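Q: Got a structure for you, questions after.
Where a number appears in this text, it was derived from the coordinates with a stated rule and is not lab data. Predicted model, so just to flag it, every value in this text is computed and none were measured. A quick note on method: Cβ atoms are made from the backbone with ideal geometry, for glycine too, and the neighbour counts reach across all protein chains shown.
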């Protein structure tokens, strides 16, 4: 796949972990296939990955486990 930013190198396939939100709650999808441009870092989801995300977000898939992690939020400038 060619990078839509016009980079001269082909995009590579990678497996990533992404956090999405369903009904305001985070859900993690691990092993999601994406295309990544090694030149500029642009990421693109193949159609099969986009459909998987859609199934998860619409509640058509059951989770395979639970996820818990610390939450970090930046402090606005001048707030402290």
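Q: Inside the stretch 38-75, can you point out the residues that are surrounded by 11 or more Cβ atoms within 10 Å (Cβ to Cβ), touching a residue at least 24 places away in the same chain (Cβ under 8 Å) and either over 20 Å from residue 1 (Cβ atoms) or more than 15 Å from the chain's Cα centre (by Cα) (or both)?
A: Answer for the stretch 38-75, where residues must be surrounded by 11 or more Cβ atoms within 10 Å (Cβ to Cβ), touching a residue at least 24 places away in the same chain (Cβ under 8 Å) and either over 20 Å from residue 1 (Cβ atoms) or more than 15 Å from the chain's Cα centre (by Cα) (or both): 38, 39, 40, 56, 57, 67.
Q: Checking the structure you have, find out if any residue of the stretch 11-22 is surrounded by 11 or more Cβ atoms within 10 Å (Cβ to Cβ), touching a residue at least 40 places away in the same chain (Cβ under 8 Å), touching a strand residue (DSSP E or B) at 6+ places or on another chain (Cβ under 8 Å) and not in a strand (DSSP E or B). Break it down into steps so the answer makes sense when it comes.
A: Our first condition is that a residue be surrounded by 11 or more Cβ atoms within 10 Å (Cβ to Cβ); within the stretch 11-22, this holds for 11-12, 14, 16, 18, 20, 22.
Add one more test, that the residue is touching a residue at least 40 places away in the same chain (Cβ under 8 Å), and what stays is none.
No, the stretch 11-22 contains no residue that is surrounded by 11 or more Cβ atoms within 10 Å (Cβ to Cβ), touching a residue at least 40 places away in the same chain (Cβ under 8 Å), touching a strand residue (DSSP E or B) at 6+ places or on another chain (Cβ under 8 Å) and not in a strand (DSSP E or B).
Q: Residues of the stretch 30-62 being touching a strand residue (DSSP E or B) at 6+ places or on another chain (Cβ under 9 Å), assigned to a loop (DSSP other than H, G, I, E, B) and closer than 21 Å to residue 9 by Cβ, which ones? Walk me through it before giving the result.
A: Of the residues in the stretch 30-62, the ones touching a strand residue (DSSP E or B) at 6+ places or on another chain (Cβ under 9 Å) are 30-38, 42-46, 48-49, 52-53, 56-59.
Subsequent filtering for residues that are assigned to a loop (DSSP other than H, G, I, E, B) retains 37-38, 42, 45-46, 58-59.
Result: 37, 38, 42, 45, 46.
Q: List pairs: first in the stretch 24-36 and over 13 Å from residue 53 (Cβ atoms), second not in a strand (DSSP E or B), Cβ under 7 Å, 6+ apart or cross-chain?
A: Listed by first residue and then by second, the contacts come to 35/1; 35/11; 35/46; 36/11.
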